[in-house]
There are 2 protein chains.
Amino acid sequence: METNLPPQGVDERAEQLALLQGMAHQRLTEPETGRLLGELGSTAENPSGDGKLSAIERDFLRVTRRRYDKAVKLPQDFVSDSARAEGLSQAAWAAARMNNDFAAFLPHLETMIGIARRKADYWGFSNPYDGLLDVYEPGMGAAEIGTLFSVLRERLGALLRKIQGRDPLDSSFLRQDFPLRNQKRFCQKLLVHLGFDQQRGRLDTSSHPFATTLGSHDVRITTRYSRDNLPSSLFSVIHESGHAMYEMGFPPELRGSCLADGASMAIHESQSRLWENVIGRSLPFWEGLYPQLKGSFPDQLAGVGVERFYRAVNEAKPSLIRVDADEVSYSLHIILRFELEQGLISGELALDRLPEVWREKTKEYFGIEIDPADPRSDADGVLQDIHWSMGAFGYFPSYALGNLYGLQFFRKLESEVLDIAGLVARGQFSPIKDWLRDNIYVWGCRLEPGQLLEKVTGEKLRVEPFLEYIEGKYPLDTVS
Amino acid sequence: METNLPPQGVDERAEQLALLQGMAHQRLTEPETGRLLGELGSTAENPSGDGKLSAIERDFLRVTRRRYDKAVKLPQDFVSDSARAEGLSQAAWAAARMNNDFAAFLPHLETMIGIARRKADYWGFSNPYDGLLDVYEPGMGAAEIGTLFSVLRERLGALLRKIQGRDPLDSSFLRQDFPLRNQKRFCQKLLVHLGFDQQRGRLDTSSHPFATTLGSHDVRITTRYSRDNLPSSLFSVIHESGHAMYEMGFPPELRGSCLADGASMAIHESQSRLWENVIGRSLPFWEGLYPQLKGSFPDQLAGVGVERFYRAVNEAKPSLIRVDADEVSYSLHIILRFELEQGLISGELALDRLPEVWREKTKEYFGIEIDPADPRSDADGVLQDIHWSMGAFGYFPSYALGNLYGLQFFRKLESEVLDIAGLVARGQFSPIKDWLRDNIYVWGCRLEPGQLLEKVTGEKLRVEPFLEYIEGKYPLDTVS
């Protein structure tokens, strides 16, 4: 679909995918599934140790029951109407974004908000937004996220202002011409360096980077290449490799079942962001790899030392676009969306005021003024992300929560595996990967995210580890 | 599976395919399908013109009923037992071939023969081999094929002896080093030259060339590249393009139904062989394309004129291997297999005598002595093809029948489209492709192969057009 599809094959492939998804949904919700689940009884009726079900079978029962319950509570008509509305909404969003025309998308957004509210209602949530969050992050409500995010917003905002008070970095060498062929060759070396298992996965090219699992031994990742943006391809490869290693790492006894899955969206992001940012944007990582990178781009990187490269790829510079954001401002982009989508779902934020409030918050969080007359004011503003057009309200928080989980996991990792910086500098990632496998991957989605975090770290979700990390790293001029 | 699969993903992908095939089989054979077919009645009960069913709907009913009848007549246990035996047999064949050990494969071959006989019996054929042929070539029995093949065997045998009496060609320049990158680049040019629609298809690399249809706008082909064998990649691309053009050419009103399919295996081969051999191995074709080929391999082809190139890629030289065979000996390889598999299925040929009879016929048809002590005597002999290990008895004749259909179609094409040689030399293939589309592709599998041939040419299947073509082309020294 995204890598090798002949251009005219798109519509047919979409139909084929819809058919398979419909069949999977039908099978999950058919009476026989309900009958079997009824026969097994609830997890509570199957206490561990009674010999009737193994521990894995009990978890399988819990996860399957959760999926079944969510699916059967939605009437068939509602599901197919929603799918159709979503198709129209995505197309309208793409056109509206191209034409910088929020008004053209507004009626579709209204429809998608209505669908989201009804969905949460069918699922029986009194607070609709909690119901939507539960899809992506089981067991975590808007109140808890709001508390975490309010601390993040304040501390990251303060950090950003502190950084903006310093002299700007000279990262101009990153905006040279980096031929695609050399980037592709280097990304292959990067896979080898990371120990990405190419017997069980591969790297392809697509317009948006992603990781996808076609089987436990067939986990594929993609990146994209721009001649004038070397970091884009590199860090996408590291990020998606983090997702892929998680997917490849589920234990054999979970394979082929719904338990061979990430614990949640945020836990998945914790893995990709841990590799991309905590490891991949660290100085030791590039101390190990930079000579190879310089070998691939001898002219472009002539005279650029590893520390200057490190600082350039970590430059914190607020911009309008979430996917291009640095580690400091990234979570602020998420918080902005979290606040807005909560208002949209509750109805407290009137839909026609959305672009205006977006601009206000952009000014407040990033100090950037969006001129409503700018021909990209909506395209780079309220229309920049696909999520709302798909009705995926409640998804955004996962990205920022992933940073929090990731740092709590990383602190525990550091306490159990000695000299992480040395291992990273020498490209010896096996002890790190083994630890992640034995402590996180091994569970698949047998544990809810909060349970997993507690099992691994003994803690609840906290902002401090992430904030200490980011406040220790920035401002960057502490390095050199 | 064959192009981009990570090596360790093979087993899982095979399971996934088996699951989908099983689901498709289950849906075809479920009682609801029988009920709907019963409600519609037979084609005879739905005469054309009664307004109940359109012409296409009547053909759809006929083809679906044929598929349904074939499928439901096989007991479920037999189908799954056969699938398992086939898996074991293929694995045993691959090992036996590697070890040149027919004896190790013999019990599996015996099982597959038993399965094939039972299958024909379930289908109600008194002559089991006719039942197997009917899968690939509806309406054509062993007697008719035997009659055609006996003429072919005699005339092609005589032609081969005549050619062997001449001075051998000097085709040594084809056995130089042709770097893979240049071959790949040239194959892309070849696609453009042929007018292969890259909006609706693409070329990849695999260990055995094939064409596969993932959708009417997603028809993919593969080729393989050997440094020391330039013709292999080129003619595989042309051959598979012939298959792909057929698949891309079904009319929109048949898309998504079982009627968007080739009329038979042999008709499909008629299209691929027409492009590969009649067009692709003609002198005019290379008069048009050779300058580009020379541009891709200036050193290797220095001093080699187009006529010498033409003769070299058409060299008729009997060898042991079917897939490497020239146009003259190819059909003899097929006839040998046809005769042997008939004997195997009827029981007239004892299984343990197979290698011996294979050697006798190889001596008789090609003048090649296989030494039973040779370490590749079985591997390059009776074990060389995968077909029997899969239980695909009755498949081989399609290849030779394709040559016959192809030439009858081509003669008709020549009578309706002027100056084919000129068009081919100028790379103007549109009139040829339009004719094939309007006369052959347009029918999908609405007509049985014999009906299609009669509709297009007004004739029954005959050997003369092919024999006249091949006896006109060979011996090659008539050119120059």
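For A:Glu341, the criteria (1) free of Cβ contacts under 8 Å to residues at least 24 places away in the same chain; (2) within 21 Å of the chain's Cα centre (by Cα) hold in every case but one, which is (1). Among the residues making up region A:8-37, those that are at pLDDT 90 or above and either surrounded by fewer than 11 Cβ atoms within 10 Å (Cβ to Cβ) or hydroxyl-bearing (Ser, Thr, Tyr) (or both) are A:Thr29, A:Pro31, A:Glu32, A:Thr33, A:Arg35. The single condition from (1) outside the structural domain of B:Phe78 (by TED's automatic domain parsing); (2) over 25 Å from the mean Cα position of the chain (by Cα); (3) surrounded by fewer than 14 Cβ atoms within 10 Å (Cβ to Cβ); (4) in a helix (DSSP H, G or I) that B:Phe173 fails is (3).
Of all the listed residues (A:Ile386, A:Ile334), the sole one being modelled with pLDDT under 95, among the aliphatic types (A, V, I, L, M) and under 27 Å from A:Asp121 (Cβ atoms) is A:Ile386. The residues listed here are B:Ser241, B:Ser257; of these, the one that is outside the structural domain of B:Ser54 (by TED's automatic domain parsing), among the polar types (S, T, N, Q), open to solvent by less than 20 Å² (accessible area, probe 1.4 Å) and touching a residue at least 12 places away in the same chain (Cβ under 8 Å) is B:Ser241. Here A:Leu160 passes the criteria (1) open to solvent by 60 Å² or more (accessible area, probe 1.4 Å); (2) in a helix (DSSP H, G or I) except the one numbered (1). Taking the criterion of being open to solvent by 10 Å² or more (accessible area, probe 1.4 Å) and in contact with an Asp or Glu (Cβ under 9 Å, 6 or more places away or on another chain), the only residue of region B:451-460 that qualifies is B:Lys460.
The residues listed here are B:Leu274, B:Leu320; of these, the one that is under 23 Å from the mean Cα position of the chain (by Cα) and surrounded by fewer than 21 Cβ atoms within 10 Å (Cβ to Cβ) is B:Leu320. The sole residue among B:Ser346, B:Ser389 that is in the same structural domain as B:Arg155 (by TED's automatic domain parsing), within 25 Å of the chain's Cα centre (by Cα) and open to solvent by 60 Å² or more (accessible area, probe 1.4 Å) is B:Ser346. Determine which member of the set A:Gly472, A:Gly450 is farther than 16 Å from A:Gln271 by Cα, in a helix (DSSP H, G or I) and of a type outside the set (A, V, I, L, M). Among A:Gly472, A:Gly450, only A:Gly472 is farther than 16 Å from A:Gln271 by Cα, in a helix (DSSP H, G or I) and of a type outside the set (A, V, I, L, M).
Within region B:176-204, which residues are outside any helix (DSSP H, G or I) and either within 12 Å of chain A (Cβ to nearest Cβ) or among the charged types (D, E, K, R) (or both)? Before you say what the answer is, go through the steps one by one.
Kept after step one, since they are outside any helix (DSSP H, G or I), are these residues of region B:176-204: B:176-179, B:195-204.
Passing the criteria: B:Asp177, B:Phe196, B:Asp197, B:Gln198, B:Gln199, B:Arg200, B:Gly201, B:Arg202, B:Leu203, B:Asp204.
The set of residues from region B:38-86 being of a type in the set (Val, Ile, Thr) and closer than 21 Å to B:Ser257 by Cα comprises B:Thr43, B:Ile56, B:Val63, B:Thr64, B:Val72.
Here B:Thr213 fulfils each of the conditions (1) within 14 Å of chain A (Cβ to nearest Cβ); (2) among the polar types (S, T, N, Q); (3) open to solvent by less than 40 Å² (accessible area, probe 1.4 Å) apart from (3). Just the residues that are crowded, with 18+ Cβ neighbours inside 10 Å, free of Cβ contacts under 8 Å to residues at least 40 places away in the same chain and not aromatic (Phe, Trp, Tyr), please, taken from region A:349-367. Correct list: A:Arg359 only. Taking the criterion of being under 18 Å from B:Arg411 (Cα atoms) and open to solvent by 60 Å² or more (accessible area, probe 1.4 Å), the residues of region B:425-450 that qualify are B:Ser430, B:Asp434, B:Arg437, B:Asp438. For region A:10-37, residues that are of a type in the set (Lys, Arg) and either touching a residue at least 24 places away in the same chain (Cβ under 8 Å) or within 30 Å of B:Ser257 (Cα to Cα) (or both) total 2. The set of residues in region B:216-238 that are within 11 Å of chain A (Cβ to nearest Cβ) and open to solvent by less than 30 Å² (accessible area, probe 1.4 Å) comprises B:Ser216, B:Asp218, B:Val219. The residues of region A:107-117 that are open to solvent by 40 Å² or more (accessible area, probe 1.4 Å) and out of contact with any Pro (no Cβ under 9 Å at 6 or more places or on another chain), listed by number, are A:Pro107, A:His108, A:Glu110, A:Thr111.
Can you say whether A:Asp121 is among the acidic types (Asp, Glu), under 25 Å from the mean Cα position of the chain (by Cα), assigned to a helix (DSSP H, G or I) and over 29 Å from A:Pro318 (Cα atoms), as far as the supplied structure shows? Give the derivation first.
Numbers: among the acidic types (Asp, Glu): yes; under 25 Å from the mean Cα position of the chain (by Cα): no; assigned to a helix (DSSP H, G or I): yes; over 29 Å from A:Pro318 (Cα atoms): yes.
So A:Asp121 fails the test.
Within region A:38-82, being free of Cβ contacts under 8 Å to residues at least 40 places away in the same chain, outside any helix (DSSP H, G or I), open to solvent by less than 60 Å² (accessible area, probe 1.4 Å) and not small (Gly, Ala, Ser) holds for A:Thr43, A:Asn46, A:Leu53.
Could you list, in sequence order, the residues of region B:8-39 that are of a type in the set (Val, Ile, Thr) and away from chain A (no Cβ under 14 Å)? Steps first, answer last, please.
Keep residues of region B:8-39 that are of a type in the set (Val, Ile, Thr), which gives B:10, B:29, B:33.
Those that are of a type in the set (Val, Ile, Thr) and away from chain A (no Cβ under 14 Å): B:Thr29, B:Thr33.
The requirement of being at pLDDT 95 or above, open to solvent by 30 Å² or more (accessible area, probe 1.4 Å) and of a type in the set (A, V, I, L, M) is not satisfied by A:Ala94.
The values are calculated or read from the model by the stated rules, or taken from the named source; none is laboratory data. All of these numbers come straight from a predicted model, not from anything done at the bench. Don't worry about glycine lacking a Cβ; one is built from the backbone with ideal geometry, like all the others, and counts go over all protein chains shown. In case anyone asks, the SASA skips ligands and DNA or RNA and just uses the protein heavy atoms, side chains included. Shrake-Rupley method; radii C 1.70, N 1.55, O 1.52, S 1.80 Å.
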